[in-house]
1. Which residues, counting only those in the range 528-543, are open to solvent by less than 30 Å² (accessible area, probe 1.4 Å), in contact with a Lys or Arg (Cβ under 8 Å, 6 or more places away or on another chain) and within 12 Å of ligand 1 (Cβ to nearest atom)?
2. Give me a count of the residues in the range 590-634 that are over 30 Å from Lys326 (Cα atoms) and either part of a helix (DSSP H, G or I) or β-branched (Val, Ile, Thr) (or both).
3. Just checking, which of Leu396, Leu312 is open to solvent by 10 Å² or more (accessible area, probe 1.4 Å), over 29 Å from Arg480 (Cα atoms), touching a residue at least 40 places away in the same chain (Cβ under 8 Å) and more than 10 Å from ligand 1 (Cβ to nearest atom)?
4. Hey, among Arg261, Arg257, which residue is basic (Lys, Arg) and at pLDDT 85 or above?
5. Just to be sure I understand, how many residues within the range 405-419 are within 13 Å of ligand 1 (Cβ to nearest atom) and without any contact (Cβ under 8 Å) to a residue 24 or more places away in the chain?
6. Taking Gln402 as meeting all but one of (1) among the polar types (S, T, N, Q); (2) away from ligand 1 (no atom under 16 Å from the Cβ); (3) touching a residue at least 40 places away in the same chain (Cβ under 8 Å); (4) out of contact with any Ser or Thr (no Cβ under 9 Å at 6 or more places or on another chain), write down the number of the exception.
7. Checking Ala212 against (1) hydrophobic (A, V, I, L, M, F, W, C); (2) in a helix (DSSP H, G or I); (3) within 24 Å of the chain's Cα centre (by Cα), only one condition comes out false. Which one?
8. Name the residues in the range 81-101 that are modelled with pLDDT under 85 and surrounded by 18 or more Cβ atoms within 10 Å (Cβ to Cβ), would you?
Amino acid sequence: MATTAVPVRQSDQSARQTPPTPRSWWRTAVSLPDTRWASLSTGLFLLGGAVQLAGGPAPVFWGLYLVCSAVGGWEPARSGLEALRRRTLDVDLLMVVAAVVAAGIGQVTDGALLIVIFATSGAVESFVARRTADSVHALLDLAPQRATRLGPTGEHVVDAIELSVGDLVLVRPGERIGADGMVTDGASEVDQSTITGEPLPVVKGPGAEVFAGTVNGTGALRIRVTRAAHESVVARIVALVTEAAATKAHTQLRIDRIEQRYSVGVVVATLALFVVPLLLGEPILVALLRAITFMIVASPCGVVLATMPPLLATIANAGRHGVLVKSAVALEQLARVDVVAFDKTGTLTAGVPEVVDVVSTTLTGDELLSLAAAAEHPSEHPLGRAVVRTAQARGLPVAACQDFTSTPGQGVTAVVDGRLVQVGDPTLLTSTAAGSADLEKIRPIVERIREAGKTAVVVMRDGVAQGVLGLADRARPDARRTVTAVAAATGRLPLMLTGDNHTTAARLGEQVGITDIRAGLLPADKADHIAALRTAGHTVMLVGDGVNDAPAMATADVGVAMGGHGSDLARQTADMIIVRDELSALPAVIALAHRAQRMVTANLVIAAAIITALVVWDVVGTLPMPLGVLGHEGSTVLVALNGLRLLRPAAWRRAAPRTRPETAANDMQ
Ligand code: ADP
Ligand code: MG
């Protein structure tokens with residue numbers, strides 16, 4: 001039977017090798033209808049102006065101005081009328097009315113100028129929105145579109161979204177991997193930097209996990225798909241950033257609420273400004289011109305655009321760097337954080353502890369490890385996984401267990417070979433049976449392990465202590481630097497909240513530079529500490545990774561989850577996720593959030609100040625209408641473009657603590 005396989009070329013579109021670069025500014029601009037109409041309108045205006053200045057016939061430049069106004073004003077007029085039908089008063093409509101009135105009283109140049117500038121600022125707005133959306137979509141482009149599926153009839157190139165769990169996929173050298181999956185055959189080095197931030201390629205062989213969007217090295221891999229396209233790690237990243245971009249900040253909601261009333265106020269004031277001088281005997285044209293100029297300069301265009309662009313730009317930029325801020329509100333909170341609390345295991349430490357001591361009072365070391373591993377087998381906790389890993393590495397039997405329960409922050413309990421086995425925190429587990437001989441024997445062992453900065457875990461069988469395991473975990477390489485940078489960003493040294501004991505925690509504290517340590521905490525205690533800090537007037541961020549951190553995360557103003565090793569519950573509860581587990585991204589987002597917030601404030605001040613100045617000038621003196629238009633629309637454009645600056649990669653680099661020399665060098669550009 002002939003196969004229907006599509007021949008695959010090495011250069012096939014299915015697997016672009018490099019992550020896409022964002023579109024150029026120019027191409028973004030050209031692709032938008034708003035910009036095209038605005039340019040046409042501007043061109044016609046300039047033509048009309050040239051004819052007028054050259055002393056050409058009036059009907060010609062009048063005609064040009066009118067066509068220019070129609071081209072540029074059509075869209076705002078349409079949307080303004082549509083808003084009116086929904087019984088809301090739109091700034092667009094105010095502008096079009098102002099232009100029509102201006103033309104009506106013979107100021108056709110001013111009217112056309114108003115339309116041109118208004119259309120231009122509208123185009124800038126669309127441009128800003130598109131750039132932000134594009135940079136979110138650039139993340140989506142990380143996910144490959146096509147993949148080579150291996151079926152009974154041979155190879156087929158299919159859309160990546162068509163792959164289902166269990167499909168076999170061939171990944172050729174240099175291709176991007178089409179789905180999250182497990183390697184079944186082949187060996188290669190995979191560049192996972194898009195997902196994990198890890199700059200060095202990781203060697204993958206049978207049994208290894210691979211992620212959609214990562215780039216295969218020089219070998220060929222066959223992988224079995226383990227997650228559908230929409231559930232892949234990269235797809236979830238995109239979904240989160242997209243959701244965040246659809247949320248509105250508190251500031252914006254407040255502005256939206258007052259915008260309506262304000263716009264109505266502007267119309268009322270405009271009418272008053274026209275009617276009152278008229279009654280006082282002013283010529284109708286003078287009064288009308290002043291009133292219309294007022295309506296233009298008092299419109300809140302700049303204020304409306306002040307808030308969201310900087311915040312959205314920041315969300316998009318952070319997303320590109322593996323930090324997912326889940327909403328605009330979270331970003332606003334982030335800028336206010338003045339206390340940061342870190343969980344210890346898995347957050348400040350790498351979360352891959354190793355069993356370094358095995359001390360038993362009743363069994364052999366291997367028997368103790370084997371027993372503990374059997375009870376820990378179903379556990380998701382880093383300590384539990386370490387115990388199982390070590391037992392397996394030593395080739396010890398790991399028996400199946402029944403009735404497994406885990407108590408976050410304490411340990412696990414399970415039935416192994418018909419006997420009750422408990423593995424967990426020595427202080428808590430032994431408190432019920434204090435004083436018995438077996439406990440007296442292990443107490444000095446526990447102390448010794450803790451003094452060395454390691455975590456002690458006791459193993460009990462049928463209520464009798466059998467021995468102690470000592471686990472050592474390395475501080476994350478960037479932990480100390482992060483703590484310093486966070487302290488600089490928030491103005492206060494961070495603190496540590498941990499379920500582990502004080503001695504072990506204090507050792508780590510010395511290494512990473514934290515002195516305020518609250519140890520021996522159960523999950524609810526962590527939440528209580530956060531609540532107390534909030535009651536004391538602080539805005540608190542909690543950074544954690546585990547199930548045991550979820551209550552505290554929910555209590556904190558900003559909950560941050562480590563994405564790499566962290567638990568699903570932690571990721572769901574968090575307001576922010578550090579996908580690549582790079583702690584040093586944390587001070588960078590905090591700094592960027594501060595910058596965004598400062599920009600919002602600056603934008604609001606600029607917009608409000610210009611509105612006030614122009615309004616006063618118009619009401620007290622005589623503000624020439626073209627100048628009013630320029631000032632007003634100019635400030636709107638300025639405010640809109642301001643936010644875009646936060647999209648630039650340089651904004652992130654400047655916010656990030658100096659890490660690698662090349663980063664610092666790039667900064668100089
Ligand atoms: P942290 O707050 O530092 O992340 P946890 O709250 O997760 O630590 O755990 C606190 C203590 O509870 C650990 O130091 C350990 O003694 C004990 N513990 C928790 N889970 C387990 C487990 N699965 N196996 C053994 N001990 C555990
Ligand atoms: Mg933890």
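The values are calculated or read from the model by the stated rules, or taken from the named source; none is laboratory data. What you are looking at is a predicted structure, and each value in this text was computed from that prediction instead of being measured. Please note: Cβ atoms are built from the backbone with ideal geometry, for glycine as well, and neighbour counts cover all protein chains shown. Side chains included, ligands, DNA and RNA excluded: accessible areas come from the protein's heavy atoms. Shrake-Rupley method; radii C 1.70, N 1.55, O 1.52, S 1.80 Å.
1. Scanning the range 528-543 gives a single hit, Leu542.
2. Residues meeting the conditions: 23.
3. Leu312
4. On inspection, the qualifying residue turns out to be Arg261.
5. Summing the residues that are within 13 Å of ligand 1 (Cβ to nearest atom) and without any contact (Cβ under 8 Å) to a residue 24 or more places away in the chain in the range 405-419 gives 2.
6. (3)
7. (2)
8. Scanning the range 81-101 gives Leu89, Asp90, Val91, Asp92, Leu93, Leu94, Met95.
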